[in-house]
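Only the coordinates and a few stated rules stand behind these numbers; no lab work does. Quantities reported herein were computed from a predicted structural model and do not represent experimental measurements. FYI the Cβ positions are ideal-geometry reconstructions off the backbone, even for glycines, and counts take in every protein chain you see.
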Amino acid sequence: MQPMKNPASSIALRVATAMHQMGIEGLPRNYELVYEAYSGSNPDLVREFIALGKVKTQEALDALGRKYLPHHHEDGLLARHNNKVRAEMSSFISLLNQEKLSLTDYGRLIGDATKGILTDTDLGNPELSRSIQALKAATDQRVAENSNVVKTVVEKTEQLADVQREADQVEQAKFIDPLTGMGSRRAFNKALAKVYANPELPTLCGLAVGEIDEFGKLADHLGPTVTERFIKQIAKVVKAVAGKDDLACRFDGSRFGLLFYTSDQEEISRIVNAVRVKLKATAVVNAGSNGSLAALTMSFGICLSQQAPNAFDLMSFSERALASSKSAGGDTVTIYGATDNSYVPKDWLIYKPHVV
């Protein structure tokens, strides 16, 4: 019996082979860009990637990466932000220096006016009148300059706030799937890592990875535009059924991940089956005949945190369970280790005594 292929390993091999054939340097940012293009999760990226032609220069790849994978080009963004902040701070320093000179001039005028007042006993003296006029003019100028300072400070503060907003948007974009608005694979990995923040006592949870059966054929039949709407429709169903207590993310294509913050296998199975039932009741219109296609079916692979010593294995075991579901003909849910009689779940809540 041939071992089942892991879908993630399969696409990873295709990506590596494609990069070698196209002469693309094996940089991490290039790998993720080609991976995203091959997964087809972002049709705009796919079209622009193909438009680069057979010879894809690093400059062209980086330009595409800055548009669709900005997290790989944060250095450039941070450099721009750093330069902008430095320019604003230089402007502040210049403004303060001007303020210092202006205050010095103002102080000198007040001193001269005071001398004129103290040394002249005749209140009708023209020199005293000139001193008072000079003092009034200096005061008016001081008020106007202070008003300009306040206005400039407000403008500089708004510009720095814009920098902060841009940085926040870039940070958020890392963890959001642009098509569905759900969490991305990166957001899922981040949450998964927290499960094993304490390796000795991981959070009790369950992981389910699901994929629409025969999605490739369905996408070819529907076309890119309808497929996008189709994926959004699936995302709405998955999010609605999963609820707010658990995490639902889209990986790529029609592959979704569900992280349940419970180790209750029956409850996890109930939610997963609710997603499948809801999808089967979802109508998909045939673009050619305007008739409905066959009912949607979705296969799942489930693994509990008690079955995996780390985040990598938890994901890997879930992927294996999904591969088993698909090799069984689809429309199936497989729980990793369920058919292995030698498997005994670990109870992470039991105190583990140290060996002396």
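Brief remarks on what is shown
- Computed lengthening from Thr225 to Met22, 0.36 nm per intervening residue step minus Cα-Cα distance: 70.3 nm
- Here segment 186-329 is treated as an ellipsoid with the same Cα gyration tensor; its semi-axes, largest first and in whole Å, are 30, 14, 14.
- Across all C-alpha atoms in segment 215-266, the radius of gyration and Dmax reach 13.2, 40 Å.
- With each label modelled as a point 7 angstrom along the Cα→C-beta vector, the Glu145-Arg270 pair spans 7.4 nm.
- For segment 167-250, the calculated P(r), taken from all Cα-Cα distances in 10 Å bins from zero up to the bin holding the longest distance, is 15, 39, 31, 12, 2 percent.
- The alpha-carbon atoms of segment 7-68 define a convex hull whose volume equals 73 cubic angstrom per residue.
- When you count the other C-beta atoms within 10 angstrom of each residue and take the mean per peptide, 239-248, 216-225 line up highest first as 239-248, 216-225.
- Listed peptides 202-209, 178-185, 265-272 by packing density, highest first (mean Cβ within 10 Å): 202-209, 178-185, 265-272
- Sorted fewest first by neighbouring Cβ atoms within 10 angstrom, Lys174, Lys151 come out as Lys151, Lys174.
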